[in-house]
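Visitor: Encoded as structure tokens, here's the structure I'll be asking about.
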Amino acid sequence: MSQPQPLNSSMASSTNDQSQFLALGSHRIHVDNDDNDITMELHKKKRRRRRCIKCCGCFIATMLVLIVIMLVLGFTLFRVHEPFIRMNSVKIDGISYLMTSSGSSSTTVQPSISNLTVFADVSVKNPNAVSFKFDEATTSLFYDDVVIGETLTPPGTAKAWRTLRMNVSMEVMVEKILKIPRLGRDLRYGELLVSTYTRINGKIKILNIVKKNAEIKMNCIMMVDLRNQDVRNFDCKREVSL
């Protein structure tokens, strides 16, 4: 009857061993779960970092492209170039009447000989990518520093990369010419030295972003040949203010 006791003790010891093994297993499983959580968290952080790097790279690339585009536009489309004005030709009608009137009287002008008209062909070149709109242009005619004629040219628009040609006509005040002392000498030589002054004010707008006011001035000196009744020896100086 003394033999069953060792069996009970061995069973108890085996039970204790199993409980210790299960306890160790559960501890290992718990440790493994913690490692998995840490690994997943690291992967999430890496993905977030990659997304941030990609977003920053895309943003920087976009900004660089925009900067390049703005630089290109700044040197081409957004750059305002100076408009150019040119006096192409000048014609004067009624010179023969002027010579007749100067030979008869220097103070009185008959109605039949008071018609002296100047016709000028003026062109405005616009080298910009947008239109150049200008107000009324003023053109004055001088002889011996005296204004002998003045006219206004209506407003106009010179389209982008185009040249606008204008025909300017001006009635000359003959009574003023006949009162100038040097007229008799010039008529004997058959040449009259006259000058013109033209001023144009306008605006250049580029997408309502760039707005420039432009003022164009042109002084021309020319010689009127009374014998051939034409105008020669043009000498024009231009000034543009933006």
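The values are calculated or read from the model by the stated rules, or taken from the named source; none is laboratory data. Note that the structure is predicted; figures quoted are calculated from it, not measured. Backbone-built Cβ (ideal geometry, glycine too); neighbour counts: all protein chains shown. Protein only, heavy atoms only, side chains kept; ligands, DNA and RNA dropped before computing areas. Shrake-Rupley method; radii C 1.70, N 1.55, O 1.52, S 1.80 Å.
Visitor: Here is a list of conditions, (1) surrounded by 13 or more Cβ atoms within 10 Å (Cβ to Cβ); (2) out of contact with any Leu (no Cβ under 7 Å at 6 or more places or on another chain), and residue 172 meets all of them except one; can you say which number that is?
Guide: Checking residue 172 against (1) surrounded by 13 or more Cβ atoms within 10 Å (Cβ to Cβ); (2) out of contact with any Leu (no Cβ under 7 Å at 6 or more places or on another chain), the one that fails is (2).
Visitor: Given (1) closer than 18 Å to residue 93 by Cα; (2) surrounded by 12 or more Cβ atoms within 10 Å (Cβ to Cβ); (3) in contact with a strand residue (DSSP E or B) (Cβ under 9 Å, 6 or more places away or on another chain), where does residue 187 come up short, assuming only one miss?
Guide: Just one mismatch for residue 187, condition (3).
Visitor: When the range 145-166 is examined, which residues are found to be under 22 Å from residue 116 (Cα atoms) and in a strand (DSSP E or B)? Please lay out each step first, then the result.
Guide: Taking the range 145-166 and keeping what is under 22 Å from residue 116 (Cα atoms), we get 145-154, 166.
The answer is 146, 147, 148, 149, 150, 151, 152, 153, 166.
Visitor: Please specify each residue of the range 190-205 satisfying the condition of being over 30 Å from residue 128 (Cα atoms) and open to solvent by less than 60 Å² (accessible area, probe 1.4 Å).
Guide: The initial filter retains those residues of the range 190-205 that are over 30 Å from residue 128 (Cα atoms), namely 190-194.
Scanning the range 190-205 gives 190, 192, 194.
Visitor: When only residues in the range 114-134 that are in a loop (DSSP other than H, G, I, E, B) and in contact with a Gly (Cβ under 6 Å, 6 or more places away or on another chain) count, which is surrounded by the fewest Cβ atoms within 10 Å (Cβ to Cβ)? Before the answer, list the steps.
Guide: So in the range 114-134, the residues in a loop (DSSP other than H, G, I, E, B) come out as 114-116, 126-131.
Subsequent filtering for residues that are in contact with a Gly (Cβ under 6 Å, 6 or more places away or on another chain) retains 115-116.
On the way: 115: 12, 116: 21.
Residue satisfying both the conditions and the ranking: 115.
Visitor: Considering only the range 135-169, how many residues are hydroxyl-bearing (Ser, Thr, Tyr) and open to solvent by 30 Å² or more (accessible area, probe 1.4 Å)?
Guide: Taking the range 135-169 first, the residues hydroxyl-bearing (Ser, Thr, Tyr) are 138-140, 143, 151, 153, 157, 163, 169.
Now restrict to residues that are open to solvent by 30 Å² or more (accessible area, probe 1.4 Å): 138, 157, 163, 169.
Adding up the residues that qualify gives 4.
Visitor: Now a separate question. Out of the residues in the range 132-152 meeting the condition of being without any contact (Cβ under 8 Å) to a residue 40 or more places away in the chain and farther than 23 Å from residue 95 by Cβ, tell me which one is farthest from the chain's Cα centre (by Cα).
Guide: Looking at the filtered set, the residue picked out is 152.
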